[in-house]
Amino acid sequence: EAEPAVSGSPGGACRTRRLYVSFREVGWHRWVIAPRGFLANYCQGQCALPATLSGPGGSPPLNHAVLRALMHAAAPGAGGLPCCVPARLSPISVLFFDNSDNVVLRHYEDMVVDECGCR
Amino acid sequence: TRAPAPPGPAAALLQALGLPDVHRGAPTPRSVPPVMWRLFRHRDPQEARVGPRRMPQETTLRPCHVEELGVAGNIVRHIPDRGAPTRLPEPAWAAGQCPEWTVVFDLSAVEPAERPSRARLELRFAAVEAPAGWELSIRQAAEGQGAGAGPVLLRQAVHTLGTPVRAELLGAAWSRNTSAPRSVRLAVALRPRAPAACAHLAEASLLLVTLDPRLCHPLARPRR
């Protein structure tokens, strides 16, 4: 269940978009006990100037990304724009049955996009 | 001989998530132990964030640490006793002699890279209380009936059977700082300290906490 993707340019600045991952949708609901799904989110949007400089979502852009955006503004097409990617992620815990019918609680890092940035 | 087929995308994805096998589908129905629900609710940041009860621990949760159990770890398993279905009916107990039960835990799902930090044996007994209390003893059990048991690994006093009896196996059943064995077979005995009726082992389980360093990011480095 995702927020509609932005296609092509201009499309808006790079930012976090809503994406809910349902374990039923991916067919894991018989062995994943909890949660039923989680808000994973994703990143999409343009990393052109000035959005690249402002650091959407509060995440400072990499110097490299700023220079690439500057280069692109000066000579479009040379190397393209920086990428809009996760800049800060958070973990989730998943409770599930394993193949030996043990009940397992596992902690997974980097499962939820909290913040996107131009990289 | 033909080389094994490369894993498909689904298997590769599960391997990346630390699940070596494609899940076989529907598990055998069994209830989820309350301790696992408690640990899940404590650990789950999304539940803490969006749930009606905002948890004060949200900001203080340490990565790769199980706060409720006070140990390092990122995987907690509740492993049921596999010996119960094959356990023989207890014979008529001779005076002063209480039975010994064999409990078996299958740890084959634990990967060699995982480092156990807690292995808590949990035993539920049915018994009339003994005024002087009980003594729990645990020995390594050998394979096969009548094969005997090894030396005592652990001995501890038990004051009441009203709550589950817990015993830490790490450092007793196997060494700390080593991988978990493929399986653990233990001979469990509970004897009253003064003449009293014997207890009956109703349920046994193992709560195993491990740390898989591959899933544990090092602490964030300061920005340069």
Checklist entry - Tally time: how many residues in the stretch B:179-217 are part of a loop (DSSP other than H, G, I, E, B) and of a type in the set (A, V, I, L, M, F, W, C)? => result 7
Checklist entry - So which residues in the stretch A:14-54 are over 15 Å from the mean Cα position of the chain (by Cα), modelled with pLDDT under 90 and in a loop (DSSP other than H, G, I, E, B)? => result A:VAL26, A:GLY27, A:TRP28, A:HIS29, A:ARG30, A:TRP31, A:ALA48, A:LEU49, A:PRO50
Checklist entry - Out of curiosity, is A:LEU62 surrounded by 14 or more Cβ atoms within 10 Å (Cβ to Cβ), within 15 Å of A:ARG15 (Cα to Cα) and modelled with pLDDT of 75 or more? => result no
Checklist entry - With respect to B:GLU67, is the statement that it is surrounded by 10 or more Cβ atoms within 10 Å (Cβ to Cβ), more than 7 Å from chain A (Cβ to nearest Cβ), within 14 Å of B:VAL209 (Cα to Cα) and at pLDDT 60 or above true? => result yes
Next on the checklist: Restricting to the stretch A:94-105, count the residues that are within 13 Å of B:PHE40 (Cβ to Cβ) and either part of a loop (DSSP other than H, G, I, E, B) or more than 8 Å from every other protein chain (Cβ to nearest Cβ) (or both).
Outcome noted: 2
Checklist outcome for this item: Screening A:ALA74, A:ALA69, A:ALA65 for residues that are more than 14 Å from every other protein chain (Cβ to nearest Cβ) and either free of Cβ contacts under 8 Å to residues at least 24 places away in the same chain or β-branched (Val, Ile, Thr) (or both) leaves only A:ALA74
Checklist entry - Can we say A:PHE23 is within 27 Å of B:ALA109 (Cβ to Cβ) and away from every other protein chain (no Cβ under 11 Å)? => result yes
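Yes/no per residue for (1) under 23 Å from B:PRO63 (Cβ atoms); (2) more than 7 Å from chain B (Cβ to nearest Cβ):
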residue: A:CYS84; (1), (2): no, yes
residue: A:LEU89; (1), (2): yes, yes
residue: A:ILE92; (1), (2): yes, no
residue: A:HIS107; (1), (2): yes, no
residue: A:MET111; (1), (2): yes, yes
residue: A:GLY117; (1), (2): yes, yes
Next on the checklist: If the requirement is being small (Gly, Ala, Ser), modelled with pLDDT of 85 or more and outside any helix (DSSP H, G or I), which of these qualifies: A:GLY117, A:GLY8?
Outcome noted: A:GLY117
Checklist entry - How do the pairs read when you match residues in the stretch B:70-86 that are at pLDDT 90 or above with residues anywhere that are surrounded by fewer than 16 Cβ atoms within 10 Å (Cβ to Cβ), using Cβ under 6 Å and keeping only pairs 6 or more apart or on different chains? => result B:HIS78/B:PRO33
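Results for (1) surrounded by 16 or more Cβ atoms within 10 Å (Cβ to Cβ); (2) modelled with pLDDT of 85 or more, shown as yes or no for each residue.
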position: B:ALA130; (1), (2): yes, no
position: B:GLY146; (1), (2): no, no
position: B:LEU161; (1), (2): yes, yes
position: B:GLY171; (1), (2): no, yes
position: B:SER179; (1), (2): yes, yes
position: B:ALA187; (1), (2): yes, yes
position: B:ARG193; (1), (2): no, yes
Item to check | Candidate set from the stretch B:93-115 (those that are within 14 Å of the chain's Cα centre (by Cα) and within 14 Å of chain A (Cβ to nearest Cβ)); member that is surrounded by the most Cβ atoms within 10 Å (Cβ to Cβ) | outcome: B:PHE105
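The values are calculated or read from the model by the stated rules, or taken from the named source; none is laboratory data. On a predicted model such as this, the values are computed, not experimentally measured, just so you know. Ideal geometry is used to build each Cβ from the backbone, glycine not excepted, and the neighbour counts take in all protein chains shown.
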